[in-house]
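All remarks here apply to the structure that follows.
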Amino acid sequence: MAQNKEVTKDCIFTALVLLMEQKEFKYITVTDISRKSGISRMTYYRTYSSKEDILVQHFRKIAQSMVEQAEGHADDALYIYYSYFLEHKKMTELLKQAELMDLVIESFSSLTDFLHRAIHPENQKKTGNNYAARYEAGGLFSILTHWLENDAPEDPEEMAKITLKIMKK
């Protein structure tokens, strides 16, 4: 059952991205998404509360997968991060056009928290809001967008090294 739900979510996300290639995000309707993904409106509303929710849930899942793949190594997590966005550069451009990139920052909070803990283990015992991790999230996102806007001149491995060096300061 859980696997079917994930397949449904993937179909809805893919449908949304395909629709974003055809028209502005604000003009995409739930009916458009339902038709494109082959699911009912009822299934859509059982799964998501808004179009933005589709993106947030998708990117949270991606971020969590990156953390799990990295297994405690910040440089691996950064490499996976840059590789993912390089591979999905068109989607990133669509999000930017739709002025939805802020959703990416928040959705990747589990990754930035992981990176902060891996790079600054002395902060692991602190509780509550981790302002430093939020600050680093903004910087990581800014580096990512700048890199992509400049046609990714460095490979993901080099970007991981550059970013890790910056974050360790």
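The values are calculated or read from the model by the stated rules, or taken from the named source; none is laboratory data. None of the values given here were measured: they were computed from a predicted structure. Reconstructed Cβ throughout: ideal geometry from the backbone, glycine too, with neighbour counts over all protein chains shown. Each accessible area value is taken on the protein alone, full model and side chains, heavy atoms only, with ligands, DNA and RNA left out. Shrake-Rupley method; radii C 1.70, N 1.55, O 1.52, S 1.80 Å.
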- line: Computed for the range 1-80: size of charge dipole around the Cα centre, +1 on C-beta of each Lys and Arg, -1 on C-beta of each Asp and Glu, debye to nearest 20, value 640
- prompt: Based on the Cβ-Cβ distance from Lys165 to Arg134, what FRET efficiency comes out when R0 is 25 Å, to the nearest 0.05?
  reply: 0.75
query: In whole percent, what relative contact order does the range 5-66 give with Cα contacts below 8 Å and a gap of six or more residues?
result: 37
- prompt: What is the magnitude of the charge dipole of the chain about its Cα centre, with +1 placed on the Cβ of each Lys and Arg, -1 on the Cβ of each Asp and Glu, and no other charges, expressed in debye to the nearest 20?
  reply: 680
- line: Restricting to aspartates and glutamates and to Cα separations under 19 Å from Lys5, and discarding same-chain partners fewer than 8 apart, the set is Glu52, Asp53
query: Taking the alpha-carbon centroid of each part, what is the distance from the range 11-51 to the range 91-169 in angstrom?
result: 28
query: Ranked from the most accessible area to the least, with a 1.4 Å probe and all protein chains present, what is the order of Asp32, Asp75, Asp151?
result: Asp151, Asp75, Asp32
- request: Just round it to a whole percent: the fraction of Cα-Cα distances in the chain exceeding 22 Å.
  value: 47
- request: Note the full-extension length gain between Gln69 and Thr14 as 0.36 nm times their separation in residues minus their Cα-Cα distance, in nm to one decimal.
  value: 17.5 nm
message: What's the ranking of 155-164, 11-20 by average number of surrounding C-beta atoms within 10 Å, highest first?
response: 11-20, 155-164
- prompt: When every alpha-carbon pair in the range 1-44 is counted, what percent end up more than 13 Å apart?
  reply: 49
